[in-house]
2 protein chains.
Amino acid sequence: MSDAFADLDAHVEANAAARLTDFLELLRIPSISALPEHAGDCRLAASWIADRLRSAGLEHVELAETGGSPVVYADWLHARGAPTVLLYAHYDVQPADPLEHWVKPPFDPRVEDGHVYARGAADDKSHIHMLISAAQAWLAVRGRLPINLKFVFEGEEESGSANLDRWLEANQARLGADLAVVSDTGFFEGNLPAITTGLRGMMYAQLDVRGSHEDLHSGGYGGSVRNPATVLAEILAGLHRPDGRVDVPGFYDDVRMPSETERAASARLPFDEGEYMASIGVDALFGEVGYTTLERRGIRPTLDVCGLWGGFQGEGSKTIIPATAHAKISCRLVSDQDPQRVFAQLQDRIKALAPEGVRVTLTFINGGLPSLMPTDHPATKAAARCIEEVFGRAPLYVSEGGSIPVTASFGSILGLPVILLGFMNPDCGAHAPNESLRLDNWEAGLRTTVRYWEALASLPDRTP
Amino acid sequence: MSDAFADLDAHVEANAAARLTDFLELLRIPSISALPEHAGDCRLAASWIADRLRSAGLEHVELAETGGSPVVYADWLHARGAPTVLLYAHYDVQPADPLEHWVKPPFDPRVEDGHVYARGAADDKSHIHMLISAAQAWLAVRGRLPINLKFVFEGEEESGSANLDRWLEANQARLGADLAVVSDTGFFEGNLPAITTGLRGMMYAQLDVRGSHEDLHSGGYGGSVRNPATVLAEILAGLHRPDGRVDVPGFYDDVRMPSETERAASARLPFDEGEYMASIGVDALFGEVGYTTLERRGIRPTLDVCGLWGGFQGEGSKTIIPATAHAKISCRLVSDQDPQRVFAQLQDRIKALAPEGVRVTLTFINGGLPSLMPTDHPATKAAARCIEEVFGRAPLYVSEGGSIPVTASFGSILGLPVILLGFMNPDCGAHAPNESLRLDNWEAGLRTTVRYWEALASLPDRTP
């Protein structure tokens, strides 16, 4: 079967250097959707991508306004009788702080030891660029695509996809397809090829504790007033039990127990806890009692403090009682958990923990539903065959702890089955300083994608 | 008795406008000792003060090197047969953050409604300038001082007086005196004249919790690792009991119960909890079970979180597990509590609370012993008489919750009795944004000081 792609592989190989240079250009655009001051950069990235889609030969290229960063839409619909596939990736990136931990600035990409280091190098510009390159290869070499494609490149994934659902709803007719392929995932520990079949949902909120009008002198007032920083700590401490379970009434009500089959499959994954600990630099793991590490991070819900602040943070000493203290909280959701319901449960719990003498509020920031992908769908099996052909090893099926809210939306709004096909190395450090992409994953991912579209051509049109 | 000071009062009044202009100049120097980038400004403030001391007619003016910000020393020793008094105030100020809460920049003083607003306007540049002005008045009008004076103006009080004890030890001979008068305190609620007879000590430390090498994706890792921000919260929450007592074994061992007399005196102070709450903007008070608000803030020990930080602090969302989380902790100490002993107790407690999977450390930043001043000392009684004469009301005797570590050092190193004589308005907002000084307190404080030196002249030389 390999020979059938010799012309496309040759094109991919011949363009390797130019493709990398072009990719670095995209990585230089700081398209951080969470920070309003980068709204212009998000738009710049969208325009850059639209240009490349046009050059590749795609049609109806458009920056579709959503109220926030635009969706970049493009299509190619001339494969008569072949299925139509909606391709999704996102061009926005996480904030880059703490900046001082980056070896080089996050938007000044560095190529070293077979990796590209930059914010967004893996998550998710690697896939944006890979999908455009695959289309460019097919159209340049064969003058056609094997299937009909609709590209939907989002610019607000890292800030909660606030506008995407509304846009999907408004564009249902135009977005009709047989299948959605979401490219925003990666491989398993040890860089073992993997297909993600489960994603957790998310609920993200901010906790604010407010005391006095202004910071108070900790000598003059200390001992006589509630300290907002202490109250914040006490509330956060009250959200977990010592056994690692989330201590929010109702939190587990909508969580289904994993089946014995699921647990057995998870237990068979080649996972080395020692290597896992070494890779992140900790000497012990911790999580919900009764579950393995893979279950804890993949199929169980969580509550994490993503940040906290209040009062004096400088060198040395400043003797105050802070006027306010704050925390960012993210919950990862599974099964039938709903972000709004979890937010309400957390709000009730925090209300119960809040003492007199301070004002405590919880504000919803964003959320998304969990989703499960079918392992027995022909499009999943086709993806597995292509991965095995290029990477020389059949993929594992894994539940990934992250959240891609749009995955659930493609099902609920557009009625599409969704396949997750992504190639990030598991040590890519998405969301962390010195995020990196393995270039060999990227190149092989491109060749896999080229093959996958051909494989999808032979699927029955209007897959069930 | 008033007539005896008519010439000095007239001089004070005649120079009011020039004195204020000169004071604002001092307030423009951002002498923040806690921040290394302001070391030059501390030195600038010291030089400015030395110039004014020289102009006033004081002698042996010197910037005495201590290893940090210099001590400004000056004296006048020609009052043969009269007592020698060491005068202390500090020219360094607290950091000014959060800057966005200041109506005008903290080092751009604003005069409004009889107040001066600026960082250090009250704490403690008001007293630095007042003491120089009192000497200037005496020397200009009478050509002499009624007593021998030694000025010791420190530049590191707000960062823990790290170098002062060593400097006092090295200069014992030169600093011989009958009495030390420390000017770094203020009046009671309602701006009622007061003399502080008790100060709490302090222990200031930093708590650091470290997990993974870098921030982790809260989806990919959440649920499987200890979250340093959660651990920080759990440790901080573990340092108090629900009844407001500090939950650190041994913490209260060296704390003497207040006597019935002390408690009765405290209960007689004209204190309105409603006004107190309104002045700081809270709707309930809280503190150690079994004590009144005045006792809690004046004569009982405390533990406060002065600041905390870790992970994402921006707008919107960033879905990470922070690599580290941190807190600043200050304990106010009473009776026989010792900063180093309290630090060791806290360290033990934190060690007991720290789980596996993170590295937890506590670092000592600075400390000072608590101190009690005699109410029956002739110099205290003389201060009370002068305050009553100028302010028209006898002072209250109060225990102030703040800490002035040098107060204990003047006793232990130089063997001096110490009187605290200060005039800050109680709502001055020392350490907070928009710190302010009441100008009427400042003027009357100056006239009180002018009288107090004369009153001290009639004390027996070498007071017991």
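Average 1/r across all pairs of distinct alpha carbons in segment A:234-301, invert it, and you get the Kirkwood radius: 13.7 Å.
For segment A:129-228, how big is the tail of P(r) above 23 Å, as a whole percent of Cα pairs?
60
Look at the dipole of segment A:44-124 built from charges on Cβ: of A:Leu53, A:Pro95, A:Phe107, the Cα furthest out on the positive end belongs to A:Leu53. Given in Å, the Rg to one decimal and the Dmax to the nearest whole number for the Cα atoms of segment A:188-340 are 19.9, 62.
Once Lys and Arg get +1 and Asp and Glu get -1 on their Cβ, which of B:Gly287, B:Gly392, B:Ser330 lies farthest toward the positive end of the dipole of chain B? So the residue we want is B:Ser330. Counting every alpha-carbon pair across segment A:272-346, the share separated by more than 22 Å comes to 49%. Considering helices alone, the calculated mean residue ellipticity of the protein assembly as shown at 222 nm is -10000 deg cm²/dmol, with DSSP H runs of length four and up weighted by -39500 (n - 2.57) and normalised per residue.
Quick check: convex hull of the Cα atoms in segment B:268-418, volume per residue, rounded to a whole Å³? Don't jump to the answer; show the numbers that get you there.
Values: hull volume 30.4 nm³, N = 151.
In segment B:268-418, the Cα hull volume divided by residue count equals 201 Å³.
Taken about its Cα centre, the protein assembly as shown carries a charge dipole of about 460 debye when Lys and Arg each add +1 at the Cβ and Asp and Glu each add -1 at the Cβ.
In segment B:197-286, one over the average inverse separation of all distinct C-alpha pairs is 18.1 Å, which is the Kirkwood hydrodynamic radius. Calculated over segment B:346-447, the projected area of the Cα convex hull averaged across directions stands at 10.3 nm². Computed over Cα pairs, the Kirkwood radius of segment B:26-164 leads via Stokes-Einstein (0.692 mPa s, 37 °C) to a diffusion coefficient of 210 µm² per second.
Geometric descriptor of segment B:309-371, per residue, is 115 Å³ (volume of the convex hull of the Cα atoms). Evaluated at q = 0.24, 0.29 Å⁻¹, a Debye calculation over the C-alpha positions of segment B:11-54 (equal weights, vacuum) places log10 I(q)/I(0) at -0.83, -0.99.
Run the dipole for segment B:162-298 about the Cα centre, Lys and Arg Cβ at +1, Asp and Glu Cβ at -1, nothing else charged, and hand back the magnitude in debye, nearest 20. Don't skip to the answer; put the middle values down first.
On the way: 12 positive and 21 negative charges, 48 e Å.
Computed about the Cα centre, the dipole is about 240 debye.
The Rg/Rh ratio of segment A:1-86, with Rg taken over Cα atoms and Rh as the Kirkwood radius over Cα pairs, comes to 1.06. If the chain linking B:Leu139 and B:Ser47 were pulled fully straight, counting 0.36 nm for each residue of separation and taking away their Cα-Cα distance, it would gain 31.0 nm.
Net charge dipole, chain B: roughly 660 debye, given to the nearest 20, about the Cα centre with Cβ charges of +1 for Lys and Arg and -1 for Asp and Glu.
With N denoting the number of residues in chain A, provide Rg(C-alpha) divided by 2.2 N^0.38 Å, to two decimal places. List each step's numbers first, then the result.
Numbers: Rg = 23.4 Å, N = 464, 2.2 N^0.38 = 22.7 Å.
Compared with the compact-globule rule of thumb, chain A sits at 1.03.
How many partner chain Cβ atoms sit within 10 Å of a residue's Cβ in peptide B:228-241, on average, as a whole number? Don't jump to the answer; show the numbers that get you there.
Values: counts 2, 10, 11, 3, 5, 14, 8, 2, 8, 9, 3, 3, 4, 0.
Counting other chains' Cβ atoms within 10 Å and averaging over B:228-241 gives 6.
In percent, rounded to a whole number, the relative contact order of chain B is 25, using alpha-carbon pairs under 8 Å and six or more apart. Here's the picture: charge each Lys and Arg Cβ at +1 and each Asp and Glu Cβ at -1 in chain A, and of A:Ala177, A:Asn148, A:Ala14 the one pushed furthest to the positive end of that dipole is A:Ala177. With a 10 Å cut-off around each Cβ of A:324-336, the average count of Cβ atoms from other chains is 4.
Calculated from the alpha-carbon coordinates, segment B:338-385 shows an Rg and a Dmax of 19.8, 62 Å respectively.
Calculated on the Cα set of segment A:387-429, radius of gyration then Dmax: 13.2, 36 Å.
Plugging the Kirkwood radius over Cα pairs into Stokes-Einstein for the protein assembly as shown, at a temperature of 20 °C and a viscosity of 1.002 mPa s, what D comes out in µm²/s? Rounded, D is 69 µm²/s.
Could you give the nm distance between label points at A:Val103 and A:Glu260, where each point is 7 Å from its Cα heading toward the beta carbon? Computed distance between label sites A:Val103 and A:Glu260 equals 4.9 nm. Please list log₁₀ I(q)/I(0) at q = 0.15 Å⁻¹ for segment B:130-179, using the Debye equation with identical point scatterers on the alpha-carbon positions. Log-scaled intensity ratios, in q order: -0.58.
Partners of B:Lys104 within straight-line reach, counting lysines whose Cα lies under 28 Å from its Cα and excluding those fewer than 8 residues away in the same chain: A:Lys318, B:Lys125, B:Lys328.
For the pair A:Asp253 and A:Asp7, a Förster radius of 51 Å applied to the C-beta separation gives a FRET efficiency near 0.35, rounded to the nearest 0.05.
Report D for segment A:411-464 in µm² per second (integer): Stokes-Einstein, Kirkwood Rh on Cα pairs, 10 °C, 1.306 mPa s.
Numbers: Rh = 13.7 Å.
The diffusion coefficient I find is 116 µm²/s.
Shape index of segment A:107-146: Rg/Rh, with Rg the Cα radius of gyration and Rh the Kirkwood radius from the inverse mean 1/r over Cα pairs, equals 1.15.
Taken together, the values in this text are just the output of simple stated rules run on the coordinates, not laboratory data. All values reported here derive from a predicted model rather than from experimental measurement. Please note: Cβ atoms are built from the backbone with ideal geometry, for glycine as well, and neighbour counts cover all protein chains shown.
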